[in-house]
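None of the figures in this text is laboratory data; all of them are computed from the coordinates on show. Since we're looking at a predicted model, the values are computed, not measured. We place every Cβ from the backbone using ideal geometry, glycine too, and count neighbours over all the protein chains shown.
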Amino acid sequence: MPEDAPGVAPEAAEDAAVADDPRPFRRGVGIVLLNPDGLVFVGQRLDMPGAWQMPQGGIDGGETPAQAAVRELFEETGVREARLLAETRDWLSYDLPRSLSTGRLWKGRFRGQTQKWFAFRFTGRDEDIDLAAHLPQEFCTWAWQPADQVAAAIVPFKQPVYRQVFAAFADLLRPAA
């Protein structure tokens, strides 16, 4: 994240996810948006100051995961100028910490998310990024960052998924040819 961005404190042990939670995972998508230099788009969440993440969201009824990724990319960043590069072979899942999964998020219906991830190459200009393109706005600011910095700064419960995503897209995390 930008050097002045505050870090995210690790989750307290008493807030750890419950591994045998019987609730289902919410199906969603995640987006790795890469600029021509191989840097990753990351946004600071409007509702959680200091929390940075890549665009992500749920899959609407009747949507394919790829359609959901294109929609979420536009809704959260205003970006329409992007080329699909790849998608993860597998769905990647994470459990939410107890404090988020017991009613605060998704009315407590889900234990976490299972996501299909997509890599896009940004073909526009930085000025084309419009965080207020769709309301409610998700991010208050954004930056281009190296993948290793993004993975290290994300909330702890998402770090394993981010590492898997970056491993799957490792060949793409370099400047465009």
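A few notes on this one:
- The stretch between residue 47 and residue 93 holds 14.3 nm of extra length on full extension. This uses 0.36 nm per residue minus the Cα-Cα distance.
- Label-point separation in nm, residue 84 to residue 123, each point 7 Å along Cα→Cβ: 1.4
- Relative contact order, percent, the range 53-177 [alpha-carbon distance under 8 Å, six or more residues apart]: 28
- Between residue 148 and residue 74, the FRET efficiency estimated from the beta carbon spacing at R0 = 22 angstrom works out to 0.20.
- Cβ-derived FRET efficiency at R0 22 Å, residue 64 paired with residue 159, nearest 0.05: 0.20
- Label point distance in nm, residue 130-residue 171, each placed 7 Å from Cα along Cα→Cβ: 3.6
- Likely footprinting exposure, 142, 117, 91, fewest C-beta neighbours within 10 Å first: 91, 142, 117
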